[in-house]
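The values are calculated or read from the model by the stated rules, or taken from the named source; none is laboratory data. The model shown is predicted, which means the values in this text are computed figures rather than measured ones. Cβ atoms come from the backbone with ideal geometry, glycine included; neighbour counts cover every protein chain shown. Surface accessibility is based on the protein's heavy atoms, side chains included, excluding ligands, DNA and RNA. Shrake-Rupley method; radii C 1.70, N 1.55, O 1.52, S 1.80 Å.
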Amino acid sequence: MAVTIKSDREIELMRESGHLLARVQNGLADMVKAGMSTYEINAIGEKLIRDLGCIPSFLNYEGYPASICVSVNEEIVHGIPSEDKFIKDGDIVSLDAGLIYKGYHSDCARTLIIGDATEEARKLTEVTKQSFFEGIRAAKAGNHLYDISDAIDRYVTPFGYGIVEDMTGHGIGTSMHEDPMIPNYHQDEKGIYLQPGMTLAIEPMINAGSREIKISDNGWTVSSADGSLSAHYENTILITEGDPEILTMI
């Protein structure tokens, strides 16, 4: 496993990349509403990225046909935007986005509550977001990588939710996906030591029901196998000498 340690210059570029992506996510959160098509959400997101002078890192990545992954309700991740799919009041909408700034990637996801959602939807969304923050409490130099995984698992499991195991967080830098892979559930091993200068994308994906998944006929969209709601929350972080720095929040 070759985990890159970023130089001071690279950290500054990663920081700027992250802050720009945070602006994109904040802009989307302000604009997404019931009645919009997922295609329209993607178009807005791509324009926000390009208007900042950046490149949408998801577009055509391994064949993915859009700049923003728009996943609705039971869809976990990799929802493909469509002119025929419209957001309704009460939906939860996960927006996964990435951009490239001067050769450096950032990656983050948010699950938005649209209008008058159910208590189940609100609770799942809140728990998923909080599980990220529980996880990064362990993201400190000298700790082990899977301390992050264990912290997420310990927080989520008592709620009876299914932690998606088939997809994980990852390292990030000049490539969108670098070593290491970062599971969101307990590991029997400890994993590598965390070191200052590592940049990681931590991204719990949580189902209200079973952890099992299914992949749609389009080959991309991943949904909960039992049709239960799913939420996704992600940030790119930097390991420091102290507490981790969240690069994709401003």
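In this structure, does Tyr193 turn out to be open to solvent by 10 Å² or more (accessible area, probe 1.4 Å) and under 30 Å from Asp226 (Cβ atoms)?
no
Only one of the numbered conditions (1) more than 26 Å from Phe133 (Cα to Cα); (2) surrounded by fewer than 23 Cβ atoms within 10 Å (Cβ to Cβ) is not met by Thr38, and that is (2). Filter segment 126-160 for residues that are surrounded by fewer than 17 Cβ atoms within 10 Å (Cβ to Cβ), of a type outside the set (D, E, K, R) and part of a helix (DSSP H, G or I) and give the result. Within segment 126-160, Gln130, Phe133, Thr157, Pro158, Phe159 qualify.
Contact annotation: residue pairs with Cβ atoms under 6 Å, 6 or more positions apart or on different chains, pairing a residue in segment 32-48 that is farther than 11 Å from Ser67 by Cα with a partner that is of a type in the set (A, V, I, L, M, F, W, C) and part of a helix (DSSP H, G or I), are Val32/Ile41.
The rows are residues; the columns are (1) under 18 Å from Arg122 (Cα atoms); (2) open to solvent by 50 Å² or more (accessible area, probe 1.4 Å).
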site	(1), (2)
Pro204	yes, no
Asn207	yes, no
Ile213	no, no
Asp217	no, yes
Trp220	no, yes
Ser230	yes, no
Thr240	no, no
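Residues of segment 161-180 that are touching a Phe, Trp or Tyr at 6+ places or on another chain (Cβ under 6 Å), open to solvent by 30 Å² or more (accessible area, probe 1.4 Å) and assigned to a strand (DSSP E or B): none at all.
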